[in-house]
Structures are given as structure tokens and as C-alpha cells.
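All of the numbers you see were taken from the coordinates with simple rules; none came from a lab. Since the model is a prediction, treat every value here as computed from it, not as a measurement. We place every Cβ from the backbone using ideal geometry, glycine too, and count neighbours over all the protein chains shown.
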Amino acid sequence: MAAATLNLLSIRASSSSSPSSCTNYSSRITPHISFYSQLSRSTTFPSLSFKLPNNSNRHSAFIIVSAVKKLSELEPITVPSKPDDFSDELPSDSGVYAVYDNNNDIQFIGVSRSIAASVLSHRKSVPELCSSVKVGVVDEPDRTTLTQAWKSWMEEHIAVTGKIPPGNESGNGIWVNRAPRKKPDIRLTPGRNVQLTVPLAELIDRLVKENKVVAFIKGSRSAPLCGFSQKVVGILDSQGVDYESVDVLDEEHNLGLRETLKNYSNWPTFPQIFVNGELIGGCDILVSMQEQGELASLLKK
Amino acid sequence: MGVTKEGVEATLTSKMNPTHLEVIDTSGGCGASFAIEIVSEQFEGKRLLERHRMVNSALAEEMKEIHALSIKKALTPTQQKAQQESSNTQAA
């Protein structure tokens, strides 16, 4: 409980940006940080380890240098009110960010490839919860470093308040955009060793007739493996349409799909896009239709 | 021994009777990749998919050797005229 109180104090202190209160706060919170470092592997302060003589040897092997400053060391940035100001006020780089409400309570800690864009989208979806943010830019943003930075902030927050930020609790869908892009690709069969009772062509037929929009692409929708497929996924995403995708290169679950589909649709190449059970075409056609504005009306039908 | 730009042009000219045809070799010389812009009377009343099918079937022989065929435009002469006029007015 003492820790939670101190944390609130610390946020208020740092947000007031007066030098004296900052000094004050850091001297107060130090004992709690060292307490936390005993529990956490992600401590970034080598100086703390000599304060913990009993544990320093055991823990030194686990010290991972985090790429970002600690939450408590950062000044909050007020979330801009105009969308145009976001790229000026906030970095468009990769990194971690913590969103504070107007009570200076952390609502959400996120990882992003563009912090400004992510905060802007939060500001749009939940403006009442986005008062200020703290941001930590990660210079070499590989997945491990980003995850590590996020973990260090989460651990710091949990150590101080004993709670997970409300937006990071499982089942809270306010902050994490469950975009259609994350939908899994459809697999036509359970695996290549499973004997099909229905011909593949019939599976294709059912699939395209039971779903409004189906894209047969090379690679998965989250990582298309050819430029044309990528473009198709991009266009469908930009149209905001709910669509299914099938990876024609998945030899484990869609064995023989490429040949069967070419015959089924009488179309020689991939990607192939079906709307209402009918082949619309490949990438070129989709691009043309989008340029002409025909695509939006087709998808509305 | 791939397909040449001239070969594709000749086939399309004889089979599609285009009023405008532009074939661009995008393969860098090996003849495996082409981009096409084509305007033909034969596209009248046909959906884009059918137009692409017509081009693909006209090039059926060549397609055996072509890896990538990108049909940038498949228009009727009327559409081409309309597009040119709209782009002219935009320019002016």
C-alpha cells in the first residue's frame, strides 16, 4: 500500500515539473525501487545491485539492460488535442508508451512501431482516458528489445501499484485494436495426412459462397509473401471490409489448392479475390476497381 | 529463349484488334514479365475480369513462358476518351 501511495505522489511530483519536487520524489522512492529489483530481472540500475549485497551475485546474471528509461524517470507529455499536432509532439518511432488518464493513473502500457500513430488512435477511440503519455523510444527496435522494454515498464508499474494497468488486463478490448488483419487465415484441411471426404474443389466452392469476401493469397494475411498479395491485403484492409484469407502456399493445410483453384476459377495467377462467390480478379483488377471507385460499391452489396 | 515484347505486341494486335497498345518488358530482358495497357473495342460491355481473361487467353501460348503479366489498363475506346478528357480538365 505504501508503494501505491508513493507512486501517485511520484507521478504528481514529476508532472508538476518543479525541480525540487522531483528530487524529493526520487529520494523517497529509492527504497522501493531496490525492493522491486530483488523481485525483477529487468532492473536497469547496476548501482542498485551493490545495495543488495545478499542478492547481487545471484541476480547479476539476469540483468538485462533495458533500452528505455524507467517510467518514473520520464516526464509526461500532454496528449495533443488536434490530430495534426501528434507528429510534432510525439515521436513517430518505435517504442513503448504509457497512457495516463486525467487522474494521472496509468490506463494502458503499449508497444508500437509508431508511438504518435498509436496514441492518436487511442485518442480517437477513448479520448476520456488519454490525458497524458510517457514515451520511451527504442533505438534498435527488434521484437525482443521492444518486448523487454514493455515488460520492464509493466513490471515497474506492477511493483509500484500492485496492479496491472486496466487496459492491459486480458479481455479489455478498448486499447488493443483487434483488427481484421489479425484474423487467422482459413485452412482448407486439418493437415496433409488427413484423407478428404469432400473434393478440394467443393471445399473452395463452399468457402467462397459462404463468405462474402475471400482472398486467396501467397503467404498469410499478416505476412504476405508476394508483392501482389500484400497489395491485395492492403486494399482490403483499407476498405475496412471483413474478409477471409487462404494461404495458397500452405502445403500442409492447403495441399493442391493452387492447381485446383486455377481450374475452379479458370484464372491462372494468384492472388485471387472472390466476392459473393464470384471471382473478381487478381491484384491488377482490384487496384483498377479501387481507382475507379467500383470496389467500395461492390463490397457494400 | 523467352517471349519478346514484340511477340506479345504482335499476338495482341492480331487477336484483340486494339486501338491503343502498350507493352512494357518489366523483366529486365529475360522476357518473363510484362506490363500491358490495352484499349480495344472488344472490351465493350465486358467486366474487368472478362477483359483480363480475354488478354490472358489471347496470350495463352506466351503465358507458358511468362511468369508475371500485369494488365495495367484494359479499356474500351470510349472509356479511354473519357479518362483522357477528365485528366485534361484536371491538368487545366
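Could you run the Karplus curve 6.51 cos²θ - 1.76 cosθ + 1.60 with θ = phi - 60° over segment B:52-63 and give me ³J(HN,Hα) per residue in whole Hz, x for Gly and Pro?
5, 4, 4, 5, 4, 6, 4, 9, 3, 5, 5, 4
Which lysines does A:K151 reach when only Cα atoms under 20 Å apart count, and residues fewer than 8 places away in its own chain are ignored?
In chain and number order, the partners are A:K69, A:K70, A:K134, A:K163.
Tell me the relative contact order for segment A:77-168 as a rounded percent, counting alpha carbon contacts under 8 Å between residues six or more apart.
Computed over segment A:77-168, the figure is 33 percent.
Between segment A:218-238 and segment B:37-92, what is the separation of their alpha carbon centroids in Å?
24 Å
Given chain B, what whole percent of its Cα pairs are spread farther than 16 Å?
Of all Cα-Cα pairs in chain B, 53 percent lie more than 16 Å apart.
Hey, what number do you get for chain B at 222 nm if only DSSP H runs of n ≥ 4 count, each worth -39500 (n - 2.57), divided across all residues, to the nearest 500?
Numbers: 4 runs with 42 residues, N = 92.
The helix-only estimate for chain B comes to -13500 deg cm²/dmol at 222 nm.
What is the dipole size for segment A:200-300, taken about its Cα centre, with +1 at each Lys and Arg Cβ and -1 at each Asp and Glu Cβ, in debye to the nearest 20?
Result for segment A:200-300 is approximately 140 debye, rounded to the nearest 20.
What area, in nm² and to one decimal, does the C-alpha convex hull of segment A:77-168 cast on average over all directions?
On the way: hull surface 21.7 nm².
Mean shadow area of the hull around the Cα atoms is 5.4 nm².
Rounded, prolate or oblate, given the Cα gyration tensor of segment A:164-301, with a/c below 1.5 counting as rounded?
Since a/c reaches 1.5 but b/c is at least a/b, the shape of segment A:164-301 is classed as oblate.
Please tell me which of these pairs span more than 23 angstrom C-alpha to C-alpha: A:K218/B:K72; B:K46/B:K73; A:K124/A:K301; A:K212/B:K73; A:K300/B:K46?
Too far apart for the 23 Å limit: A:K124/A:K301; A:K212/B:K73.
For a quick check: sort B:T13, B:T76 by the number of other beta carbons within 10 angstrom, fewest at the front. Working shown, then result.
Working: B:T13 15, B:T76 18.
With the sparsest Cβ surroundings first, the list reads B:T13, B:T76.
Hey, got the average number of other protein chain Cβ atoms within 10 angstrom for residues in A:276-285?
4
Mean 1/r over all different Cα pairs, inverted: what Kirkwood radius does segment A:103-212 give, in Å?
Details: mean 1/r = 0.0567 Å⁻¹.
About 17.6 Å for segment A:103-212.
Mind checking which aspartates and glutamates have their C-alpha under 20 Å from A:K82, skipping anything on the same chain fewer than 8 residues away?
A:D93, A:D101, A:E128
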